[in-house]
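The values are calculated or read from the model by the stated rules, or taken from the named source; none is laboratory data. Note that the coordinates shown come from a computational prediction; the quantities given were computed from them, not determined experimentally. Neighbour counts run over all protein chains shown; Cβ positions are idealised from the backbone, glycine included. To get the accessible areas, we keep the full protein, side chains included, count just its heavy atoms, and leave off ligands, DNA and RNA. Shrake-Rupley method; radii C 1.70, N 1.55, O 1.52, S 1.80 Å.
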Amino acid sequence: MEHLRVIYDRDTAETLVDRIDELFSDYGFRVQEKQTNYPSWSEQDAILIAYGDVINQNGRANHKIRFLDNFLSRYLNDAVNSVHILPFFPSSSDEGFSVIDYKQVRDDLGEWSDVEHMAGKYRLMADLVINHTSRFSEWFENYQMRKEPGKDYFIEIDPSVNLSKVIRPRSSPLYTAVETSNGLRHVWTTFSDDQIDLDFSNPDVLLEFIDIFLFYLSKGISLIRLDAIAYLWKEIGTKSIHLEKTHHVVKLFRDIVDHIDIDAILITETNVPFEENVSYFGEGDEAHMIYQFSLPPLLLHALLTENSRYLTEWASELPEPPKGCTYFNFTASHDGIGVRPLEGLVPEDEFDYLMESTKERGGFVSYKTNSDGTQSPYELNITYFDAFSEPGQEETELQMKRYLNSQIIMLSLQGVPGIYFQNLVASKNYVAGVLKKGEKRSINRKKWSYEELTKRVEDESDPAHIVLNFYKKALNIRKKHPAFNPEAEQKVLDLGSELFAFTRTAVQQEEEILVISNMTAHDVRLPDADLSMFFESEERKEVTDLLTDKPQSVSPELMLDPFETLWLSR
């Protein structure tokens, strides 16, 4: 109730509470006192991120989610316990993020029974695409005809109004002209002219999404990602990003989860500078998880420049998440590698280096328009595997070492790891997709034939085989060690610019692991005196590297191979 009063007013809030209670009843959810139980995550958790149609089988056009399910069962076994199926709803553009119907499964992907089957095997994540909807949705078509529902669901703008303060990640027009039964109107479009922003100042819009949210939970979806949530509330004369009422909407969804008897996790997607990103933890009363958006570009920078300084500084200043909250670590997603999250973390010349490095390796750079009309980089469009390549060369040993090191570091950090499907199989730049769709992000959205993919992952010399099996081994080892629980303490060590190191200590103090990575292309030798904070006894000569299950000498020095990471247990 308190959040509804902030968002609207007392009378509206009281009406909405009654209508929300009716929805709880409709979906069979038992309302209870607000719970203080925290999400049940552990070192067992890892989330695979994939489009429902990432794998296709010759001659079979329907039930593509089953092909993904079959591939994971055959080649990953139980190495991951959670799957994020990117938007699987009917859509008109943006690879599913222009939703036409929020409660239907796209015909070629299957049916709700296919989704529920996956939810019976994995913890399933789905997107609540909450900021906007497709111009081909029933709501928007009703808006154009002045019919309900939808007549008052969208934001009309007078083109003469000054909107220069608005912050957004695109260079396309902020508003789009559309024909309606009442003549020409201009509507707010943060992302594209096919993605029409919804007007949450109308409480009926919020109620629609509470209904959709509960519908997803009723289908067994236990992790819900609030897509583009930062832009949800708009006010003329403001930046229209991270507004107070946006945060209260997130708090409201968190309250819903806390008041029903269900183990669900709320995750916010806010590809913005770090301080703005972590604000979505609130006081532990907003998102359970936030994307660690600064990690992908910082890791890439550190390994390409062989300098861990900025990565170490950032990691050492990471705030401890509130109780019951954690980070969602990843290195690639269906979008590009966001560079806004680098703001304030690396000098401008280092920032520029990543732009040029991406272009040299066959990638692209996407830009956004600033309030003064200038443009600045927004994201790098390249596969994470090829981001570590040697320009002009096919796969090399150096590329593989850099890449695998980046992935093991991601798996080691405090939080829950997320693994994008293209990362799992060492995808190269899909330039043909960019040319076909005219969309830079298509470079990292390849659709695989089941036959081609299985051939690659079964060929022991193929990068797909090497990376997939590396992941399986590392994930299965990780699952056995409580020091990798998201709640386990993390302490970053400063061992110089050639190394990146931190300790993870299990909640019950029963285990401590030193994660230490060589960020360079040459051997690094570290005197045992520099490890005294970890190895208490001077008599200890060897410890175990968990990744190889082999003893590792630390006296008189620890030696790391080029781009090697060790998990040292004592």
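Return the only residue of Y403, Y353, Y420 being closer than 27 Å to R168 by Cα and either touching a residue at least 60 places away in the same chain (Cβ under 8 Å) or in contact with a His (Cβ under 7 Å, 6 or more places away or on another chain) (or both). Spell out how you get there, then give the answer.
On the way: Y403 fails: closer than 27 Å to R168 by Cα; Y353 fails: either touching a residue at least 60 places away in the same chain (Cβ under 8 Å) or in contact with a His (Cβ under 7 Å, 6 or more places away or on another chain) (or both).
Only one candidate qualifies: Y420.
Can you name the number of the only condition in (1) more than 18 Å from the chain's Cα centre (by Cα); (2) within 27 Å of W41 (Cα to Cα); (3) touching a residue at least 24 places away in the same chain (Cβ under 8 Å); (4) open to solvent by 10 Å² or more (accessible area, probe 1.4 Å) that E360 fails? Status for E360: all satisfied but (2). One residue stands out in the stretch 363-378 among those that are within 16 Å of A332 (Cα to Cα) and out of contact with any Phe, Trp or Tyr (no Cβ under 9 Å at 6 or more places or on another chain): the one that is surrounded by the most Cβ atoms within 10 Å (Cβ to Cβ), namely G363. Looking across I85, I100, one residue alone is of a type in the set (V, I, T) and open to solvent by 10 Å² or more (accessible area, probe 1.4 Å). It is I100. Scanning the stretch 230-263 for residues that are more than 17 Å from the chain's Cα centre (by Cα), open to solvent by less than 10 Å² (accessible area, probe 1.4 Å) and among the small types (G, A, S) turns up just one, S240.
In the stretch 151-189, of all residues being aromatic (F, W, Y) and assigned to a strand (DSSP E or B), the one that is most open to solvent (accessible area, probe 1.4 Å) corresponds to Y175. Remark: pairs (first residue in the stretch 237-254, without any contact (Cβ under 8 Å) to a residue 24 or more places away in the chain; second residue surrounded by 19 or more Cβ atoms within 10 Å (Cβ to Cβ); Cβ separation under 6 Å; 6+ apart in sequence or on different chains) = L243/W233; T246/L232; T246/W233. In the stretch 103-138, the residue that is farthest from F71 (Cα to Cα) out of those that are open to solvent by 30 Å² or more (accessible area, probe 1.4 Å) and in a helix (DSSP H, G or I) is E138.
Take the conditions (1) at pLDDT below 95; (2) open to solvent by less than 30 Å² (accessible area, probe 1.4 Å); K323 misses just one of them, which is (2). Among residues of the stretch 493-525 being part of a strand (DSSP E or B) and open to solvent by 30 Å² or more (accessible area, probe 1.4 Å), the one that is farthest from N405 (Cα to Cα) is E512.
Among the residues making up the stretch 27-55, those that are within 30 Å of N476 (Cβ to Cβ), among the polar types (S, T, N, Q) and at pLDDT below 95 are N37, S40. Scanning the stretch 216-233 for residues that are touching a strand residue (DSSP E or B) at 6+ places or on another chain (Cβ under 9 Å) and either of a type in the set (V, I, T) or assigned to a helix (DSSP H, G or I) (or both) yields a count of 7.
Within the stretch 512-530, can you find the residues that are out of contact with any strand residue (DSSP E or B) (no Cβ under 7 Å at 6 or more places or on another chain) and in contact (Cβ under 8 Å) with a residue 40 or more places away in the chain? Once the filter is applied, which keeps residues that are out of contact with any strand residue (DSSP E or B) (no Cβ under 7 Å at 6 or more places or on another chain) and in contact (Cβ under 8 Å) with a residue 40 or more places away in the chain, the stretch 512-530 yields T520, A521, H522. Look at (1) open to solvent by less than 10 Å² (accessible area, probe 1.4 Å); (2) within 16 Å of the chain's Cα centre (by Cα); (3) more than 30 Å from N37 (Cβ to Cβ) and you find that S308 fails only one, number (2).
Pairs linking a residue in the stretch 277-292 that is closer than 13 Å to D258 by Cβ and surrounded by fewer than 20 Cβ atoms within 10 Å (Cβ to Cβ) to a residue that is modelled with pLDDT under 95 and small (G, A, S), with Cβ atoms under 9 Å and 6 or more positions apart or on different chains, are G284/G324.
W567 meets the conditions (1) crowded, with 21+ Cβ neighbours inside 10 Å; (2) part of a loop (DSSP other than H, G, I, E, B) in every case but one. The failed one is (2). Is there a residue being modelled with pLDDT of 95 or more, of a type outside the set (D, E) and open to solvent by less than 50 Å² (accessible area, probe 1.4 Å) anywhere in the stretch 531-541? So far as the stretch 531-541 goes, no, none of its residues is modelled with pLDDT of 95 or more, of a type outside the set (D, E) and open to solvent by less than 50 Å² (accessible area, probe 1.4 Å). Can you say whether I229 is at pLDDT 95 or above and hydrophobic (A, V, I, L, M, F, W, C), as far as the supplied structure shows? Criteria met by I229.
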